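Take a look at the structure set out below.
The values are calculated or read from the model by the stated rules, or taken from the named source; none is laboratory data. These numbers come from a predicted model, not from an experiment. FYI the Cβ positions are ideal-geometry reconstructions off the backbone, even for glycines, and counts take in every protein chain you see. The area values use the complete protein model at the heavy-atom level, side chains included, leaving out ligands, DNA and RNA. Shrake-Rupley method; radii C 1.70, N 1.55, O 1.52, S 1.80 Å.
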Amino acid sequence: MNIVSDRIKNMAESATLAMAAKAREYKAKGIEVISLSLGEPDFKTPLHIQEGAKAAIDEQKYFAYPPVNGYADVRQAISDKFNRENSLNYSADQVVISNGAKQSIANVMMALLNKGDEVVVFSPFWVSYTALIEIAGGTPVLVKGGIESDFKVTPEQLEAAITDKTKAIIYSSPCNPTGSVFTKDELTALAEVIKRHDNIVVIADEIYELINFTGAHASMGAIDGMLDRTVTINGMAKGFAMTGWRVGYIGAPLWLAKACNKIQGQFTSANCGIAQRAALTALTSDLGPSHEMAKEYLRRRGLVKELLDDIPGVKTNLPTGAFYFFPDVSSYFGKSDGESTINNASDLCMYLLDNAQVSLVTGEAFGDANCIRLSYAASEADLREAIRRIKEALSKLS
Ligand code: GLU
């Protein structure tokens, strides 16, 4: 029997997680796969944060249900962080802590969208945006930035995409999957468009804030007149190497924070108490370890850029944040190794998994079918070996 809902039938599986599962499957069979598919820091959570969690256990105070939106002192620390580091004046009441930034985005979509509402999605986009919009009954409207414009959407494109059904706009900066970073001027120009339209909320996904090589992180909500219509998504996973702890959070207009609290109260209740205490340690400590990790990502970016540029037919931009490359590999479409023909980016990913034992994610899942995503949150040795194997496997296609 299989009587799953239409909702599930119609929903795309998370391409990032599916590829990670495939890599694990291959590894379990003894095939030595280098996994560059999942965007997951290869660092351990810094020790002082681990100690914060241990101390919280020893305190014997954090084993019961926390308040749905998170402990008051953790929300206050997040409010302080927003004010101090981002000039975002969200109060602690405007903060909701969730089980990862993914749940934060899901909450926002469920809290905002009625059937038929449109959400403008800057494309390439992170895989789960469109699925979460659709689950909430909304319609994603993709606006595409191409590799020639560093994958960035322009104000003119945004204006053309807005209709009377537009309820929200979502983007990430630094961007997963392209690594592009919006400057303050670029966000200001986009904000000018948004301000011309009432009742549109911006969902600014800033989860890669701490992995930014431009030296300046800009927040949409910090632009004049935008705070009341911006929900800022952030979390602990990327900047603090805490993916498994599952702590994401938002700062939002109060009405939206309350709505997210309401939906989370029915879906999951609060985020894990001990994980929240670990997050408190991270948010109230020196950011040195996060900056050290970012420096290492920057070093690897240089290495990966050099290695990818050395492969014929692979076109890259220079990412200025996050830890991904999103190369255009369309010059390989239509080619074959004599056995399999590469028709698209998904075929190429499968070809590279089978022939180079490297797992990557197809760009189709991120809105650009000419590209593949490579995460360089991996050791230098793995990156060198993976790209050597990719180059060799690609050279067999003609
Ligand atoms: N955000 C990461 C990625 O894009 C983690 C995987 C996921 O949750 O999709 O790879």
note = The summed charge of the ALA55 Cβ neighbourhood (under 13 Å; Lys/Arg +1, Asp/Glu -1) stands at 0
task = Grab the other residues whose beta carbon is less than 13 angstrom from that of ALA204, score K and R as +1, D and E as -1, and report the net.
result = -2
key: Extension gain from ASN199 to ILE3, taking 0.36 nm per residue of separation minus the Cα-Cα distance   = 66.7 nm
Accessible area in square angstrom per residue, region 1-41, 1.4 angstrom probe = 69
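So, by mean Cβ neighbours within 10 angstrom, what's the order for 265-276, 235-246 with the highest one leading? Don't skip to the answer; put the middle values down first.
Details: 265-276: 17.8, 235-246: 22.4.
So the peptides 265-276, 235-246, ranked by packing, come out 235-246, 265-276.
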ask   = If one takes the longest principal axis of the Cα atoms in the chain, at what angle in degrees, from 0 to 90 and to the nearest 10, does the Cα axis of helix 101-112 lie?
value = 60
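Kirkwood Rh, Cα Rg: Rg to Rh for region 20-93? Provide the component values of the computation, followed by the final result.
Details: Rg = 19.0 Å, Rh = 16.3 Å.
With Rg and the Kirkwood Rh in hand, the quotient comes to 1.16.
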task = For the chain, with all protein chains present and a 1.4 Å probe, just round the carbon and sulfur fraction of the accessible area to a whole percent.
result = 51
inquiry  = Using each residue's phi in region 122-132, evaluate 6.51 cos²θ - 1.76 cosθ + 1.60 at θ = phi - 60° and report the 3J(HN,Hα) Karplus result to the nearest Hz, with x for Gly and Pro.
reply    = 6, 10, x, 10, 6, 3, 7, 4, 5, 4, 5
inquiry  = Quick check: from the Cα gyration tensor, does region 7-138 come out rounded (a/c under 1.5), prolate or oblate?
reply    = oblate
remark   = In degrees, nearest 10, the alpha-carbon axis of helix 345-355 is tilted away from the dominant principal axis of the alpha carbons of the chain by 70
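Once a ≥ b ≥ c are taken as the square roots of the eigenvalues of the Cα gyration tensor of region 190-258, is the result rounded (a/c under 1.5), prolate (a/b larger than b/c) or oblate (a/b not larger than b/c)?
Working: a/c = 3.30, a/b = 1.52, b/c = 2.17.
Oblate is the answer for region 190-258, as a/c is 1.5 or above yet b/c matches or exceeds a/b.
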query = What are the residues whose amide H is under 5 Å from the amide H of VAL141, where those residues sit 5 or more places off or on another chain and H is modelled from the backbone?
reply = VAL119, VAL120, VAL121
query = So what are the ³J(HN,Hα) numbers for region 307-315, from phi and the Karplus equation (6.51, -1.76, 1.60; θ = phi - 60°), rounded to whole Hz, Gly and Pro as x?
reply = 5, 5, 4, 7, 9, x, x, 9, 10
message = Tell me the angle of helix 254-267 to the major Cα principal axis of the chain, expressed in degrees between 0 and 90 and rounded to the nearest ten.
response = 70
remark   = Note on region 295-339: alpha-carbon gyration tensor, axes a ≥ b ≥ c; rule is a/c under 1.5 for rounded, else prolate if a/b larger than b/c, else oblate; result prolate
request  = Provide the per-residue ³J(HN,Hα) series for region 236-252, in order, calculated from phi with Karplus coefficients 6.51, -1.76, 1.60 and θ = phi - 60°, each as a whole number of Hz, with x at glycine and proline positions.
outcome  = 9, 4, 7, x, 10, 6, 10, 4, x, 7, 6, 10, x, 7, 10, x, 8
query = Mind checking Rg over Rh on the chain, alpha carbons, Kirkwood formula for Rh?
reply = 0.96
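Run the helix sum for the chain: -39,500 (n - 2.57) per DSSP H stretch of 4+ residues, divided by residue count, reported at 222 nm to the nearest 500 deg cm²/dmol.
Details: 13 runs with 160 residues, N = 398.
Value at 222 nm, helices only: -12500 deg cm²/dmol.
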